[in-house]
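*Asks:* My structure is below; once you've seen it, I'll send some questions.
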Amino acid sequence: MAGKVFFSVSMSLDGFIAPETAGELMGQQWMELQQWVFPQRFFRENLKLGAGGEEGLDNDIVRETFERTGASVMGKRMFDAGEQMWPDEAPFRTPVFVVTHEKRDPWERPGGTTFHFVNDGIETALDQARATAGDRDVRVAGGGATILEYVNAGLVDEFSIALAPVLFGSGIGLFEGVDASRVALEPVRAQPTQRVTHLTYAVRQR
């Protein structure tokens with residue numbers, strides 16, 4: 001049986017998941033948004049940042065998100081930013097399908113990540129990701145515009161938000177432009193920790 005299509009992001013209290021420009025990635029606001037994940041033991045091990053790290057619910061959620069993912073899809077903007085920042089062993093360790101107009105051969109990285117470049121839309125990218133994921137899930141990795149495309153197309157089954165005690169004021173809003181007439185949400189669980197609140201929703205067609 002095919003797995004779910006999901007996304008999992010960190011979001012500020014005022015609804016933003018990233019700064020407005022790629023140049024602001026890794027800046028102070030973004031680091032504050034993501035600071036819950038950096039100390040986690042599984043995150044540190046996956047990125048080979050050294051031994052040690054925190055264990056607990058946050059760490060369990062990071063691990064579960066990674067282990068459920070059999071393939072990922074992402075937009076070109078996220079790939080372009082990540083290509084500059086990811087280590088040689090990119091953190092996905094699965095096939096990644098990049099929605100783009102660029103024609104490019106697959107890019108294989110050490111550690112199990114191979115980027116495939118899909119030129120004919122989000123549904124083709126998802127079909128290819130599903131074919132490789134098997135019975136595991138497909139993660140829509142980002143960025144915000146790509147997540148929104150999949151939500152508005154009715155292709156997302158579930159999503160999780162790590163709601164962080166941070167205010168951006170401006171940036172890339174997660175649901176800016178959502179087709180609310182088509183999308184209904186069903187709460188699945190809410191899991192607070194000392195750093196963030198993890199919110200999970202099933203997505204239903206309205």
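The values are calculated or read from the model by the stated rules, or taken from the named source; none is laboratory data. The structure displayed is predicted, hence computed values, not measured ones. So basically every Cβ, Gly included, is an ideal-geometry build from the backbone, and we count neighbours across all protein chains shown. Note: accessible area is taken over every heavy atom of the protein model, side chains too, but ligands, DNA and RNA are not part of it. Shrake-Rupley method; radii C 1.70, N 1.55, O 1.52, S 1.80 Å.
*Asks:* What is the magnitude of the charge dipole of the stretch 117-206 about its Cα centre, with +1 placed on the Cβ of each Lys and Arg, -1 on the Cβ of each Asp and Glu, and no other charges, expressed in debye to the nearest 20? Kindly include the intermediate steps, with their values, before the conclusion.
*Replies:* Values: 8 positive and 11 negative charges, 76 e Å.
Dipole size: approximately 360 debye.
*Asks:* Output needed: percent of Cα pairs per 5 Å distance bin for the chain, bins running from 0 to the one holding the longest distance.
*Replies:* Pairs per bin, as whole percents: 1, 7, 14, 20, 22, 19, 11, 4, 1, 0.
*Asks:* Grab the other residues whose beta carbon is less than 13 angstrom from that of residue 33, score K and R as +1, D and E as -1, and report the net. Mind dumping the intermediate values first?
*Replies:* Numbers: positive: 195; negative: 14, 24, 32.
Residues close to residue 33 contribute a combined charge of -2.
*Asks:* Subtract the Cα-Cα distance of residue 108 and residue 181 from 0.36 nm times their separation in residues, and report this length gain in nm to one decimal.
*Replies:* Working: separation 73, 0.36 × 73 = 26.28 nm, distance 4.02 nm.
Gain on extension, residue 108 to residue 181, equals 22.3 nm.
*Asks:* Please calculate how many Å² of accessible area the chain carries per residue, with a 1.4 Å probe and no DNA, RNA or ligand atoms counted.
*Replies:* Value for the chain: 51 Å² per residue.
*Asks:* Then there's this: Relative contact order for the chain: what percent, with Cα pairs under 8 Å and sequence separation of 6 or more? Walk me through the intermediate numbers first.
*Replies:* Numbers: 421 pairs, mean separation 60.7, N = 206.
Across the chain, relative contact order equals 29 percent.
*Asks:* Here's something else I'd like to know. Expected output is a single nm value to one decimal: the length gained when fully extending between residue 83 and residue 48, i.e. 0.36 nm times separation in residues minus the C-alpha distance. What is it? Show your work: numbers first, answer last.
*Replies:* Values: separation 35, 0.36 × 35 = 12.60 nm, distance 1.75 nm.
Once the chain is fully extended between residue 83 and residue 48, it gains 10.9 nm.
*Asks:* Each label point is 7 Å from the Cα along the Cα-to-Cβ direction; what then is the distance between the points at residue 28 and residue 191, in nm?
*Replies:* Calculated label separation equals 3.2 nm.
*Asks:* Follow-up question, since we're still on this one. Considering only the other residues whose Cβ falls under 15 Å of the Cβ of residue 178, what net charge follows from Lys and Arg at +1 and Asp and Glu at -1? Provide the component values of the computation, followed by the final result.
*Replies:* Values: positive: 182, 204, 206; negative: 149, 176, 179.
For residues surrounding residue 178, the net value is 0.
*Asks:* State, in angstrom, two size descriptors of the stretch 73-117 derived from its alpha carbons: Rg to one decimal place and Dmax to the nearest whole number.
*Replies:* 9.6, 26
*Asks:* Next question. Probe radius 1.4 Å, ligands and nucleic acids ignored: give me the carbon and sulfur share of the accessible area of the chain as a rounded percent.
*Replies:* Working: 5250 of 10440 Å².
Exposed carbon and sulfur together represent 50 percent of the surface.
*Asks:* Continuing with this model, one more query. I need the Debye-formula profile for the stretch 90-172: one equal scatterer per C-alpha, no solvent, reported as log10 I(q)/I(0) at q = 0.25, 0.26 1/Å, two decimals.
*Replies:* Each listed q corresponds, in turn, to -1.35, -1.41.
*Asks:* Which listed residue (180, 125, 156) has the Cα farthest towards the positive end of the charge dipole for the chain, taking +1 on Lys and Arg C-beta and -1 on Asp and Glu C-beta about the Cα centre?
*Replies:* Comparing the listed Cα positions along the dipole, 156 ranks first.
*Asks:* Follow-up question, since we're still on this one. Dipole size in debye (nearest 20) for the chain around its Cα centre, Lys and Arg Cβ +1, Asp and Glu Cβ -1? Intermediate results must be reported in sequence, preceding the final value.
*Replies:* On the way: 20 positive and 29 negative charges, 54 e Å.
Here the chain has a charge dipole of around 260 debye.
*Asks:* Using mean Cβ contacts within 10 Å as the protection proxy, how do 90-96, 198-204, 48-54, 108-114 order, highest first? Write out the running numbers ahead of the final one.
*Replies:* On the way: 90-96: 20.4, 198-204: 17.4, 48-54: 11.6, 108-114: 14.4.
Most protected by this proxy first, the peptides run 90-96, 198-204, 108-114, 48-54.
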